[in-house]
Structures are given as C-alpha cells and as structure tokens.
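Everything on this sheet refers to the single structure shown next.
No value in this document is a laboratory result; all are computed from the given coordinates. Keep in mind the model is a prediction, meaning the values are calculated, not measured. A quick note on method: Cβ atoms are made from the backbone with ideal geometry, for glycine too, and the neighbour counts reach across all protein chains shown.
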Amino acid sequence: MTPPSAYGAGHRLARHFFLDKDVVRMARALLGIYLVSEFEGRRTAGRIVETEAYRGPDDKASHAWGGRRTARTEVMYRIGGTAYVYLCYGIHHLFNVVTGPENMPHAVLIRALEPAEGIEHMLRRRGLPHLQYRLTAGPGTLSQAMGIRTEHSGIDLTAPQSPIWLEARQPPLPANQIVSSTRIGVGYAEECAKWPWRFYIKNNPWVSKK
DNA sequence: CGAATGATCGGCT
DNA sequence: GCCGATCATTCGA
C-alpha cells in the first residue's frame, strides 16, 4: 500500500493507490485523504470525511449496473485514478473517483469534505458569507466549492499536470474511527439499497447527514 | 423525437 | 417535513 514516504502535503497519490479491486475497501481508504484542486492559481483542499462505494455491474445503484456502457459512463471503465463527474438533478456536479483495474467500472462518490485550504475561494464559489457546514457537507456542494464540474469527467487524477488530485497527508484512519450506513438517495435500487456502503468519520461535524 | 428520471439542495411551512 | 428547481442522459416509439 502507500509507503510512509508518500505522506505529506504536496505529494500526489500515484496509480497503485487506486487499483484495489475491492471498491468497498477503497471507499474506506479514501476517508482522511485530501482532495486538492488548483484552477488559475487558486488552490483549494479538503479532507474527505464521507464516501460511498458503487460496485459496477452487480450494483443496481451504480450507473454501470448490468455492464451498461454509454457515453456518460464510459469513463467508469477506465483505470483507477480517473475522475467521474456527472450532473445530478440538472444542478449538481457529483465527483467520483474511479477505482480498480481498467474495465472494472467501480467508483467512490465523495460526499463531504472538511475544508483545509483556500476557504476564501470556496466561499466565493458557493456564494456564502462565512464558514459554515453548508460549504462542503454534501456531494453537490463540495464539488461547487472545489470548482469541479462535469467537464472534468475523465481526467487522470494521478497526472502531474492534473488540476484535481489526491494527497495522503496522514496515515490511514483506524477502523474504529469509521462508521458505515446505507447509501443516501438510492431507494430505487431495491435490495442493493440495503448494502451498508456509505462510510464517514465518526463524530466529524462536516458529514452531510446523520 | 418525446418523456421520464435522478448517487441533491435550500427555502419555506 | 415538504417541495420545486433544472437539464443531461437514457430509453422507448
């Protein structure tokens, strides 16, 4: 896994981090990781505190359920470390990290961040006057705060020039700091709706819902 | 080509 | 707690 030398700000997570075939384990591993963006010199960063796993072909809640391949979902079949961003309810740009080897359409939805850098840029993008949980607690709000849009779908998060990337600034979280629950907003997915594939950091106030 | 549908959010009752 | 916003995507005719 990630060697100790990879910890610290300024070190982009490399390809091998994203290749675990178990997307549920990846959703846990992404907790505590920092999501960073830089557009036109404006850097923003936040610590991932909430995620959800979407497991390709056998998960009815996944856009790749049944092995569906469409123009939109094609990037889900790329190698782990690719960004998958799609528009939800015509308004919200939801950011996912594609995980696993090529042709395995697994993705982890990033649902909430604890703001860390560039909070003034985040506030401006969100149209908020001061720091509050509404800034980045929720998948649509965090994408807006970070400047992430559907046009970024398909970018390689591990590329040296990518405007969006991930950093491990601290060791992995101990298991007793992670809480799991059912995923949000997937009631239509029948039996898959019961799978406890939402994960969040225990007692963290930036988590989107109770 | 038309119609239905969201992996949500924020304002209002 | 309820509900409307708003549009790319998908599927069926």
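Please quote Rg/Rh for region A:54-186 to two decimal places, taking the Kirkwood radius as Rh and restricting both calculations to Cα atoms. Don't skip to the end; give the middle numbers.
Working: Rg = 15.4 Å, Rh = 15.9 Å.
Ratio of gyration radius to Kirkwood radius: 0.97.
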Would you look at the GNM of chain A, springs on alpha carbons closer than 10 Å, and say which of A:Pro160, A:Pro115, A:Pro139 moves the most?
A:Pro160
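Starting from 0.36 nm per residue, how many nanometres of slack lie between A:Arg149 and A:Ala193 once their C-alpha separation is accounted for?
On the way: separation 44, 0.36 × 44 = 15.84 nm, distance 2.67 nm.
Length difference between fully extended and current span is 13.2 nm.
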What residue among A:Leu173, A:Leu128, A:Ser62 has its Cα farthest toward the positive end of the dipole of region A:4-201, where the charges are +1 on Lys, Arg and -1 on Asp, Glu, each on the Cβ?
A:Leu128
Förster-model FRET efficiency, 35 Å R0, A:Asn203 and A:Glu40, C-beta, rounded to 0.05:
0.45
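Thinking of region A:153-198 as a set of Cα atoms, what percent of all their pairs are more than 17 Å apart? Before the final figure, lay out the partial values.
Numbers: 642 of 1035 pairs.
Here the long-distance tail beyond 17 Å is 62 percent of all Cα pairs in region A:153-198.
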With no solvent and one equal point scatterer per Cα, compute the Debye intensity ratio I(q)/I(0) for region A:17-70 at 0.29 Å⁻¹ and report its log10, rounded to two decimals.
-1.05
Springs between alpha-carbon atoms under 10 Å, Gaussian network over chain A: tell me which of A:Thr70, A:Thr136, A:Thr99 tops the mean-square fluctuations.
A:Thr70
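Given the convex hull of the Cα atoms of region A:125-210, what is a quarter of its surface area in nm²? All intermediate terms of the calculation are to be shown ahead of the outcome.
On the way: hull surface 32.6 nm².
Result: 8.2 nm².
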So for R0 = 22 Å, FRET eff. of A:Ala14-A:Cys88 from the Cβ-Cβ r, to 0.05, ends up at 0.15
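How far, in nm, would the chain grow between A:Leu131 and A:Ala71 when pulled straight, counting 0.36 nm per residue and subtracting the alpha carbon separation? Could the numbers behind the result be given before it?
On the way: separation 60, 0.36 × 60 = 21.60 nm, distance 3.76 nm.
Length gained between A:Leu131 and A:Ala71: 17.8 nm.
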